[in-house]
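Engineer: Structure provided below as structure tokens; questions to follow.
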There are 2 protein chains.
Amino acid sequence: MEHEPQIQPNFVADTHVPLELYERQDLLVGQIAAEVARDITEGRLLPGADLNSVELASRFNTSRTPIREALMLLEKEGLVEILPRRRPRVAHISLAEIAELYDIRAVLNGFMIRKFIENASGEDLDEMDAILAKLRTEAARRDVPSFLATRTALHNFWVDRCGNSSLQRLLRSWKMRMSVTRLGGDVSREFDRILLDNERLAIACREHDSALGVALITSMTHFGEHMIRQQQTARRETGMMP
Amino acid sequence: MEHEPQIQPNFVADTHVPLELYERQDLLVGQIAAEVARDITEGRLLPGADLNSVELASRFNTSRTPIREALMLLEKEGLVEILPRRRPRVAHISLAEIAELYDIRAVLNGFMIRKFIENASGEDLDEMDAILAKLRTEAARRDVPSFLATRTALHNFWVDRCGNSSLQRLLRSWKMRMSVTRLGGDVSREFDRILLDNERLAIACREHDSALGVALITSMTHFGEHMIRQQQTARRETGMMP
DNA sequence: GTGAGTCGATATGTCGACACTTCTGCGTCG
DNA sequence: CGACGCAGAAGTGTCGACATATCGACTCAC
């Protein structure tokens, strides 16, 4: 099991994955799944890393049974790869698959923001503006971690208030799945663009312009893909680890 | 465990769920998950039915371990409900949730057909026409089971050739999830409409008119929801079982 | 050196067992 | 007559064990 972060300082991932996904928290399966999921999405376990149940069992001081169950759940979430009679590993996502996931996310995000715009109440919009104001001050302060956390909070806010709980679950799961790429943008250069994108999207929400909202969030999602793509190929060229 | 079909003859479900979903077929988990999934999607196990692991273990002549793992997989697929320390049950889907699932499916189907139209080769279109021709003759013969199977085959064909394997998996899983509603249209009255819809969609594909294709498949998906909705409320009024 | 074969060491899939919780049918009390 | 409580039955979560399969370092032929 590898415990080396190996992430460049400036390239901070935007995903602090919420783990309510794993209900049954009082059960060992839930806790183990949550912790391993965190290890993966936060980069302590890199794609391909060994996840054999014996080692995990000794790490968690349990038997192998709940470990196996947790790994099966994570496999369904796309974080882990399991082949019969072979040791489970952290999932490895190809460039082609990243593109697929982003395309789908763009579509789902578009539908999500449309539903939000259709259903949002005045209080929702006020709350949205409050989060956006926070994002604005953090951008001015160039406070990377807070900025990223708030950006995620804003997106999660939209997802949570879109009025479709199945979509909410699906989008959260999708976001987590994509986070195994371990690639985020170089935020220090992107504060203003990111902030501006979100400002414009918020305006579209305020004005109940769902067509514009869909267009904006779609392009924002695809821009995320663009950055990851660049970074991925850059790594490949400089001979960095996969 | 209830083994009573209790489905009206004319209301045939359109979903013969493909079970390649459950890889690891040489393992007990895979076989058990596949068989229980069939039991649920084909109506032998109705929503709310008891799925306690002891009974299933004796039915499959195994220990409870692979049973528990299979049920956890099916829970992730949305076919089974598991609460901590309670007996697993076949998932019960509310009307509101059905609407949510259909909305999402409509969006995903729209994206799927757009990708198909963008990527389809000449051979793909010919193959599509072959399936459509089969559908046409079966409609003329009023052969309900074959007609439904072919309609499903046509839809699966589009899904399989849309060029996005993640979307393919997601849509198949989504379809299976929705099939626990155990509600299908009264096909005998709908042959011509269903056939016509698919013919028009195929024409849109042939003419590479993705906007039209998206519009058609979206409305088709929502029409499916409409029928289920009617049927569900009709059942409720006549006091039939949920 | 490079590749196939070999043989412990190590992991996996499945099992039966155990403590503890939930379920269920029955008798009691208001 | 219905709500409540209780004890036995039944089910769940977790464990340690075992047969079997994979892994990996080593050997040996080429």
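Read the figures in this text as sums done on the coordinates, not as results from a lab. These figures come from a predicted structure and were not determined experimentally. Neighbour counts are summed over all protein chains in view; Cβ atoms, including those assigned to glycine, are modelled from backbone coordinates with ideal geometry.
Engineer: How big is the Kirkwood radius of the protein assembly as shown, worked out from every pair of different alpha carbons and given in Å to one decimal?
Structural biologist: 24.3 Å
Engineer: Cα centroid distance between segment B:172-211 and segment A:139-208, in Å?
Structural biologist: Cα centroid of segment B:172-211 versus Cα centroid of segment A:139-208: 35 Å apart.
Engineer: Okay, next question. Which residue of chain B is nearest the rotation axis onto chain A, counting by its Cβ, and what is the distance in whole Å?
Structural biologist: B:K76, 2
Engineer: Let me ask something else about it. Treating only the Cβ of Lys, Arg, Asp and Glu as charged (+1, +1, -1, -1), what charge dipole size does chain B show about its Cα centre? Round to the nearest 20 debye.
Structural biologist: In debye, rounded to 20, chain B gives about 660.
Engineer: Residue separation times 0.36 nm, minus the C-alpha to C-alpha distance between A:M227 and A:R169: what's the value?
Structural biologist: Value of the extension gain: 18.3 nm.
Engineer: If you don't mind, another one. Distances from B:F223 to the same residue in each other copy, label points 7 Å out along Cα→Cβ, in nm, shortest first?
Structural biologist: 4.0
Engineer: Enter the Cα centre distance for the pair segment A:31-68 and segment B:55-76, rounded to the nearest angstrom.
Structural biologist: If you average the Cα positions of each part, the centres end up 23 Å apart.
Engineer: Label segment B:154-224 by shape, choosing from rounded, prolate and oblate, from the square roots a ≥ b ≥ c of the eigenvalues of the Cα gyration tensor; if a/c is under 1.5 it is rounded, and otherwise prolate applies when a/b is larger than b/c, oblate when it is not.
Structural biologist: Verdict is oblate for segment B:154-224.
Engineer: Using a 10 angstrom cutoff on alpha carbons, build the Gaussian network for chain A and name the most mobile of A:T41, A:T152, A:T181.
Structural biologist: Of the options given, A:T152 has the highest mean-square fluctuation.
Engineer: Can you give me the P(r) profile for segment B:95-237? Cα pairs, bins 5 angstrom wide beginning at 0, each as a whole percent.
Structural biologist: With a bin width of 5 Å, the distribution comes to 2, 10, 19, 22, 22, 15, 7, 2, 1, 0.
Engineer: To continue, here is another question. How far is A:N119 from the same spot in each other copy, in nm, shortest first, if each label point sits 7 Å from Cα toward Cβ?
Structural biologist: So the label point of A:N119 gives 3.1 nm to the other copies.
Engineer: Output the 0 to 90 degree angle, nearest 10, between the alpha-carbon long axis of helix B:28-41 and the longest principal axis computed from the alpha carbons of chain B.
Structural biologist: Relative to chain B, helix B:28-41 is tipped by roughly 70 degrees.
Engineer: If each label sits 7 angstrom from Cα along the C-beta direction, how far apart, in nm, is A:S165 from its counterparts in the other copies?
Structural biologist: 3.5
Engineer: Oh, and also: Of B:L83, B:L216, B:L95, which is the most mobile in a GNM of chain B whose springs link Cα atoms less than 10 angstrom apart?
Structural biologist: Between B:L83, B:L216, B:L95, it is B:L83 that shows the largest mean-square fluctuation.
Engineer: Quick one: of A:K76/B:K134; A:K134/B:K175; A:K115/B:K115; A:K115/B:K134, which pairs are farther than 30 Å apart, Cα to Cα?
Structural biologist: Distance filter (> 30 Å) returns A:K76/B:K134; A:K134/B:K175; A:K115/B:K134.
Engineer: Further, regarding this structure: Quick one: helix B:95-119 against the long Cα principal axis of chain B, what's the angle to the nearest 10°, folded into 0 to 90?
Structural biologist: With rounding to tens, the tilt is 40 degrees.
Engineer: What do you get for the angle between helix B:210-237 and the principal long axis of chain B? Use alpha-carbon atoms, 0 to 90 degrees, nearest ten.
Structural biologist: Once rounded, one gets 40 degrees.
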